[in-house]
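Student: Quick one: the structure is below, and I'll ask about it shortly.
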Amino acid sequence: MLYEVFNVLELTRHTYFSKHTQEGFDMVLETADSIAEKYMRPFLKAADRNPPQLVNGKVHVHEALHNYYHKFCESGLLSSTFDEKYGGSQIPNTVYAAADFIIGNAHNGFEMFTGLASGAARLLITFSSEELIDQYASRILAGDWAATMCLTEPQAGSSLSNIRTTAVRQPDGLYKLKGHKIFISAGDHDITPNIVHLVLGRIQGSAGSKGISLFLVPVKRIEKATSTQNGNSILIDNDVTSIGIAHKMGQRSTPAMQLEFGNEDKCIGYLIGEEGKGLSYMFQMMNTARLGVGLAGSYISTAAYYESLEYSKMRLQGKRQKTPFAADGEQAAIIGHPDVRRMLFLQKALSEGSLALVMQCYMYTDLVQTSSDKDRVRYQDLLELLTPVAKTVGAEMGAVSVNNGLQVLGGYGYTEDFILEQLARDIRIMSLYEGTTGIQAQALLGRQIPANDGRSFQYWIDEVSKVILEAKHIPELRHYGDWLLKEVQALDMTTEHLLNIESRGNREVFLSDANLYIEVFGAVAVAWQWLNQGIVALRHLKDGQGESVNDRLFYESKVETMRFYFHYELRKTKGLHERLRDESVITVAPRKEILV
């Protein structure tokens, strides 16, 4: 994926990434693999069976999580994508995403802690003062302190403009905060001596979304007298209280906290950037997190695929004609049964297809950084268009993939003897994290599609057209290129139809089936990625020089999975298009409620 599909080494031609080589990138992946195997994978079940506990106002997490967090930070992975002046090594986001895939595949709950810390540090470096960067972001990147983002409140979930946490400006320019936040992932733990919260709050007297600002609120703040005889900062309690821990169905190793700020009127917050720009700042971290959620859907579903694939090769059930897994008349391994093969192909197609789509988005983040002004705008537009799609495909299709894996195992899949039941619980949250699928769908259709007079959508069509043109030069793929072209044309027609509805002034009807729109968009986007992988795989198979038996099998499997995706999954778009073009209004609430 890194070197053959996305050609990540091209990035090293740019000055910012010029110090890196393939050998260096491989070392990053090897480091991630070593940490995953030693400090994460062995504790997947144990951390689930022994979730965090809130005792006397402090959360205690599984002991293995302490080791993982510190080893991850010590390895340099946490700071690896950051600028050298902040202690980073300036590796591309695309390479880090590959390392993160390895980490999350081993333990998706543990990955949450380091993912949040990295996102918070990046936001601080982008928008906060040099003083806050020096005092807090540097400590986060060093692994000394952890970090979170605090958005949700009991009365304000996705509707962040309705938050009530209040910030009162003090004479010294600081702010006193008071309020409650809920579902704060990794919001309290005993891994590090301090946790830095990024908190959305409304400055007293301000109204509307423009009145919301972003504050750095540490559990322990640095006293102004910053030196001691040991040369360390003096930390004092900052009136942040853990008052509850949610009992979740999945990702049980990561505590979801209810936090109270300012119970004793002593909670100090430090303004990040300018007043009134909190939502725009936070959306940077949220969009990064959305890509992370899409990646998580892929790495969890990939873990499930390999578990079910292994099981299908060992489990004997039924008889069939001679196959690689059974002689005539003997009991056959279930991998030889067509329906099981369909489910395995589906798992592979969805997990590897969603991985390719989210990796494409990470590649755009790197191209934004390395491109000239005109191309930078183009790649930024593509990134913003595809982020909600990549998040949704990874989350929703990842869950479909895991559920099919559970089905492969039959009754055993529903027991604790195998990890499928845990992965099914873990992945379920992904369609809720960082905005539900409904929120992502409305962002895509309601904001990204109409933006810039449809420029972003046209950019994407241009990107897909390049792959279609390549496929036309490969006889085995010409049919699939033509097929994808028809799918893009159908999506274009459906998009135009929906925009015409909006132009008539009925925005509620326009957005009423946005979920179906993002589903069909995602299906076509994954087909684009599979055709691209098919091109690379077939070129290797035709060249064949230096390829081992296992390499050829890998590429053959890629081509066959691409074929499966087109013939089984892409066929489903027809019904979605018909519904999206059907102007029968059913789901918009009538004047009299009829759901009884």
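Student: Scan region 477-570 for trypsin sites (Lys or Arg not before Pro) in coil per DSSP, keeping those whose Cβ has at most 12 other Cβ atoms within 10 Å, and list them by number. Walk me through the intermediate numbers first.
Tutor: Details: sites: Arg478, Lys486, Arg504, Arg507, Arg539, Lys542, Arg552, Lys558, Arg563; in loops: Arg504.
Within region 477-570, the qualifying trypsin sites (Lys or Arg not before Pro) (loop, at most 12 other Cβ atoms within 10 Å) are Arg504.
Student: Separate question: Give, as a single signed number, the net charge of other residues whose beta carbon lies under 14 Å from the beta carbon of Met314, with Lys and Arg counted +1 and Asp and Glu -1.
Tutor: Here the count lands on -1.
Student: List the residue ranges in the chain for DSSP H helices whose C-alpha atoms run 24 angstrom or more along the long axis and whose Kyte-Doolittle average is -1.0 or above.
Tutor: Passing helices, by number: 22-39, 108-127, 278-314, 338-370, 373-392, 455-472, 475-503, 514-543.
Student: Just need the Rg to Rh number for the chain, please, alpha carbons only, Kirkwood Rh.
Tutor: Numbers: Rg = 24.9 Å, Rh = 25.5 Å.
Rounded to two decimals, Rg over Rh is 0.97.
Student: Can you give the calculated 222 nm mean residue ellipticity of the chain, where each DSSP H run of n ≥ 4 adds -39,500 (n - 2.57) and the sum is split over every residue, rounded to the nearest 500 deg cm²/dmol?
Tutor: Details: 18 runs with 298 residues, N = 596.
So the calculated ellipticity at 222 nm is -16500 deg cm²/dmol.
Student: Sticking with this structure for a sec: Distance in nm between label sites at Glu274 and Ile594, each 7 Å beyond Cα in the beta-carbon direction?
Tutor: Using points 7 Å along Cα→Cβ, the separation is 5.0 nm.
Student: Shifting gears a bit: Excluding same-chain residues fewer than 8 positions from Lys391, which aspartates and glutamates have a Cα within less than 12 Å of its Cα?
Tutor: Glu434, Glu519
Student: Arranged by the count of other C-beta atoms within 10 angstrom, fewest first, what order do Phe25, Phe127 take? Provide the component values of the computation, followed by the final result.
Tutor: On the way: Phe25 23, Phe127 20.
Fewest to most other Cβ atoms nearby, the residues stand as Phe127, Phe25.
Student: With a point put 7 Å past each Cα toward its Cβ, work out how far Arg169 is from Ala46 in nm, to one decimal.
Tutor: For the pair Arg169/Ala46, the computed spacing is 5.2 nm.
Student: Please report Leu531, Leu116 as a ranked list, fewest other C-beta atoms within 10 angstrom at the top and most at the bottom.
Tutor: On the way: Leu531 22, Leu116 25.
Placing the least packed residue first, the sequence is Leu531, Leu116.
Student: Report the label-to-label distance for Glu23 and Val377 in nanometres (one decimal), using points 7 Å from each Cα along the Cα→Cβ vector.
Tutor: A separation of 4.2 nm, rounded to one decimal place.
Student: Take every Cα pair under 8 Å in the chain that's 6+ residues apart, average their separations, divide by the length, and report that relative contact order as a whole percent. Mind showing how you got there, number by number?
Tutor: Working: 1023 pairs, mean separation 68.0, N = 596.
About 11 percent, as a whole number.
Student: What is the Cα centroid distance between region 3-46 and region 378-444, reported in whole angstrom?
Tutor: Region 3-46 and region 378-444 have Cα centres separated by 24 Å.
Student: For a test of understanding, tell me how many lysine pairs in region 145-277 have Cα atoms under 29 Å apart, given they are 8 or more places apart or on different chains.
Tutor: Here the count comes out as 26.
Every read-out reported here was derived from the displayed coordinates using simple, explicitly stated rules and does not represent laboratory data. These numbers come from a predicted model, not from an experiment. For neighbour counting, all protein chains shown are included, and Cβ atoms are generated from backbone atoms with ideal geometry for every residue, glycine included.
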